[in-house]
Amino acid sequence: MEVTETKGLILFSRDHKEKDKLVKIFTESYGKQMFFVKNAHRKNNPLTPALMNFTEAVYFGAIHPEGLSFLNGAKEVQPFRAIQQDIFLTAYGTYLLNLVDAAIEDRVYDPHLYDFTRQALTQLEQGRDPEIITNIFELQLLQRFGVTPQLDHCSICGRQEGVFDYSSKYGGVLCERHFDQDLHRYHADPKAIYFARLFQNISFEQINRIEVKPATKEGLRHFLDALYDEYVGLHLKSKRFLDQMQNWSGILRKDSETPDENL
């Protein structure tokens, strides 16, 4: 049995019988793989730290083209401790990983998505605004679901500046000169559309400071929910939990100020 090694991010794990675990890992080299871990619940098992949620490590074991793979060990274990220890960051991180799990099939080699996911978790770990990191992740992940909304310019005239709204009819944004071409457009918050256009192509490395007013965040949330409902149709438990968290007054905000919007 050939043993290989690869970097990986824990997606989730579940108990299997009394002593074992099934652990799904998004590997850098082999895509998503379901691993069988024998005696995972054994006391003082050296693999335990590497099997915790929100952990990146170099894993080694037998990776099979079909069925379960087998995990033998791990090294260079790097936990995302802030995410592990904060219920709210855990909720955001869980949603991001659930999206990844839904976006591509198992065993699909996708190192770009692996790196993008690791970067998003790192941003959460470093204290960046989790709502905005999630918005960026959702927008750029749409292409993995086969969805490429045109946000760069008006879908009719190509205009790039001004006020825009999204049109399902045209599969992209319309400038205000052409709002009358689709009476059933989203009627989204113009500021939300502005940030969605920005976030569609931005890299995490380009973000120095993110400050978005709560009202605009709410508009972004409504816009992205509408896009996902229309084009993707996912109904994740982790997303429902995030929606419920928004109703927990005052807890998610680090302060009550409404700063200027800038990056």
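General observations
- Cα centroid of the range 53-101 to Cα centroid of the range 173-204, whole Å: 35
- Protection proxy ranking for 240-246, 184-190, using the average of other Cβ atoms within 10 Å per residue and placing the highest first: 184-190, 240-246.
- Measuring nothing but how far apart in sequence close Cα pairs (under 8 Å, 6+ apart) lie, relative to its length, the range 104-217 scores a relative contact order of 24 percent.
- Within the range 184-208, backbone nitrogen closer than 18 Å to the virtual label 7 Å beyond the Cα of Asp225 toward Cβ: 186-193, 196
- The portion of the accessible surface of the chain made up by carbon and sulfur, rounded to a whole percent, is 47 (1.4 Å probe; DNA, RNA and ligands excluded).
- At R0 = 41 Å, FRET efficiency that the Cβ-Cβ distance of Val3 and His187 yields, to 0.05: 0.15
- Probing with 1.4 Å while keeping every protein chain in the model, the per residue accessible area of the range 110-263 equals 53 Å².
- The relative contact order of the range 43-97, computed from alpha carbon pairs under 8 Å that lie at least 6 residues apart in sequence, is 32 percent.
- Here each label is just a point 7 Å from Cα along the line to Cβ, and for Glu66 and Ser203 those points are 4.0 nm apart.
- For Phe12, the amide hydrogen comes within under 5 Å of the amide hydrogens of Lys24, counting only partners 5 or more places away or on other chains and with H modelled in the peptide plane.
- For the chain, averaging the sequence separation of C-alpha pairs within contact (under 8 Å, six or more residues apart) and dividing by the residue count gives a relative contact order of 14 percent.
- When peptides 152-160, 26-34 are sorted by average Cβ neighbour count within 10 Å, with the highest value leading, the order is 26-34, 152-160.
- Close amide H contacts of Ser168 (hydrogens built in the peptide plane, cut-off under 5 Å, sequence separation of 5 or more or a different chain): Tyr186.
- By the helix-only formula, in which each DSSP H run with n ≥ 4 contributes -39500 (n - 2.57) and the sum is divided by residues, the chain has a 222 nm mean residue ellipticity of -10000 deg cm²/dmol.
- With 31 Å as the limit on Cα-Cα distance, the pairs of Lys7/Lys43; Lys17/Lys239; Lys43/Lys239; Lys7/Lys213; Lys213/Lys239; Lys32/Lys237 that go past it are Lys43/Lys239; Lys7/Lys213.
- For the listed peptides 223-231, 204-212, a ranking on the average number of other beta carbons within 10 Å per residue, highest first, reads 223-231, 204-212.
- Normalised convex hull volume, the chain, alpha-carbon set, Å³ per residue: 144
The values are calculated or read from the model by the stated rules, or taken from the named source; none is laboratory data. In this text the structure is predicted, and so the values were computed from the model without any measurement. When we count neighbours, we look across all protein chains shown, and the Cβ atoms used for this are built from the backbone with ideal geometry, even at glycine. The protein model used for the area step is the full one, side chains on, heavy atoms only, and it has no ligands, DNA or RNA in it. Shrake-Rupley method; radii C 1.70, N 1.55, O 1.52, S 1.80 Å.
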